[in-house]
1. Quick check: the distance between the Cα centres of region B:172-232 and region A:113-148, to the nearest angstrom?
2. If I take the Cα coordinates of chain B and project them onto the principal axes, what are the three extents in Å, biggest first?
3. How do the peptides B:221-231, A:114-124, B:151-161 rank, highest first, by the average count of neighbouring beta carbon atoms within 10 Å per residue?
4. Enter the mean number of other protein chain beta carbons within 10 Å of the beta carbon of each residue in A:87-93, as an integer.
5. Order of B:130-140, B:103-113 by packing, highest average Cβ count within 10 Å first?
6. Between the helical axis of B:117-129 and the dominant principal axis of chain B, each derived from Cα atoms, what acute angle in degrees is found, rounded to the nearest 10?
7. To check my understanding: the extent here is largest minus smallest coordinate of the Cα atoms along each principal axis. What are those three numbers for the protein assembly as shown, in Å, largest first?
8. Need one value for A:65-78: mean number of C-beta atoms belonging to other chains within 10 Å of its residues' C-beta atoms.
Amino acid sequence: MASSCELSKLAYSKIILHAFKYPHTAVNGVLLANEGSSNHSVKYVDAIPLFHHNLGLAPMLEVALMQIDSYCRTAGLVIAGYYHASEAVAEMSPDIVSQRICEKIAEYFPSACLVLINNRQLAKQMTHTSLSVVQYCDGGKWKVKDKENFKILPNNDTALDSVSSLLSKKLYKKLVDFDDHFDDISQDWLNVKLKSMID
Amino acid sequence: MEKQSKHWEDVRDLFRSWREENCRQSEDVVDLWKEVLVNHFSKLGDEGWLVLEQVFIAALDCHSMEVANFCLSKLNQEFPDSMRVKRLKAMKYEALERYEDALDILELIIKKDETNAAPRKRKVTIYKSQGMIIEAIKELTDYLRIFMADQEAWMELSDLYISQQEWNKAAFCVEELILHSPFNHLYLQRYAEIKYTQGGYENLEVARSYYAQAAKLNPNNVRALYGLLLTSVHMASNSKCPSQKKKESIKLSEWATNQLSQLQSSNDSKLFSSQILEGMGNLQIGNDSKN
């Protein structure tokens with residue numbers, strides 16, 4: 001069971017940008033970690049935004065996960081977590097769809113984390129990480145991770161400043177998720193260009 | 001970030017096209033209003049009132065309460081007894097999370113005119129915003145008993161049922177939509193998605209036929225093509241599938257793969273449908289009863 005969980009600046013930025021791009025719908029995505037990550041500390045190095053429509057439908061989710069899995073094999077990564085922002089502002093617990101998807105991920109990566117966005121803490125000038133993390137435990141239970149065991153790299157303040165700067169430049173308009181890719185197949189769900197703007 | 005100075009007439013035309021297409025471009029609407037159109041409001045004539053309503057709703061979406069209040073007061077001045085403006089006031093309360101106040105206004109409007117559809121739909125959204133999905137569903141089903149031709153409402157009800165994993169009811173709503181518009185490839189594709197998610201071999205077959213019809217109506221519908229590929233491959237590898245249907249499925253999957261590769265050829269993504277076929281067995285999230 002992983003005792004600490006870290007999120008790279010890239011992964012964190014993409015999560016927040018995704019939520020900002022579609023503020024009026026739920027959004028979700030998967031988190032990637034390096035292959036062979038230990039069970040003691042998980043570091044999420046990237047996030048792949050999935051959908052902003054009908055998160056509960058299976059076919060496109062399966063297609064997206066297969067494509068991401070394919071990519072992971074070439075890049076030495078694994079699907080190791082999942083993030084979700086609810087549609088309703090006040091909703092703070094993982095819904096059934098998120099739980100099922102994360103359970104599936106946990107079959108392959110036992111210390112999978114489910115990262116929930118706290119909608120109320122989001123702001124153009126970010127002062128809170130606005131995330132809460134639950135981790136899947138044996139027996140099908142979800143355990144909330146304490147704030148000490150979860151951090152954003154290089155450190156929370158730097159990450160918040162960096163994301164706030166991205167938000168002020170409205171870079172969320174350039175983020176591509178799988179729904180965007182399925183609407184227009186030329187759009188790059190790996191967000192390679194955006195990555196260079198974030199780094 | 002470049003700031004292009006737009007001519008007010010272009011902005012007006014842009015707003016008009018967004019109104020017609022029902023686009024949700026709230027941030028852009030508020031920005032363009034503040035930069036350009038607010039200074040030329042008097043030149044808009046009667047269209048100005050539609051623009052004010054549009055900007056008001058966009059401002060609520062962005063929580064720009066100053067802009068929203070400005071628009072609402074202007075509308076109130078011009079149309080003091082209007083039910084339409086009252087509904088906008090209820091929306092403002094919604095945005096401020098003052099749901100009781102919003103509901104009071106909406107009940108008043110409905111009492112005055114039972115045939116007014118819009119405030120009834122706002123009631124549904126109030127329940128939805130508070131996470132009261134069951135109540136939202138009840139309100140919406142009552143609404144649809146009266147206003148059965150409202151496609152937007154059927155789609156919304158379908159989405160609500162999907163969030164509750166009530167696949168049969170969600171499918172029923174989409175069936176109503178398909179009856180209204182049998183050549184809408186998006187409705188057919190949505191129906192297939194629900195059936196696939198429901199699981200089971202029979203539903204897989206149904207999903208495949210609807211994906212096929214959607215792809216036939218629009219060979220550029222990427223979701224329909226992927227769906228066709230997915231369902232065909234599952235069917236072909238399923239023991240329940242008779243050999244003739246297996247052959248059919250293989251042909252369909254090949255066709256879908258070709259279509260996708262043609263669409264993808266302009267994109268230098270290395271991630272091809274053939275890799276999907278490789279990974280096919282591993283990541284099935286839908287209901288377990290595929291076999």
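1. Each part's Cα centre sits 35 Å from the other's.
2. Principal extents (largest minus smallest coordinate, Cα): 72, 47, 30 Å.
3. B:221-231, B:151-161, A:114-124
4. Working: counts 5, 6, 4, 4, 2, 0, 1.
Partner-chain Cβ atoms within 10 Å, mean over residues of A:87-93: 3.
5. In decreasing order of mean packing, B:130-140, B:103-113 become B:130-140, B:103-113.
6. The answer is roughly 70 degrees.
7. Its Cα atoms span 68, 56, 45 Å along the three principal axes.
8. Working: counts 6, 13, 8, 3, 7, 8, 4, 0, 3, 3, 0, 0, 0, 0.
Partner Cβ neighbours, averaged per residue: 4.
Taken together, the values in this text are just the output of simple stated rules run on the coordinates, not laboratory data. Not measured: the values here are computed from a predicted model. Every residue, glycine as well, gets a Cβ built from its backbone with ideal geometry; the counts of neighbours run over all protein chains shown.
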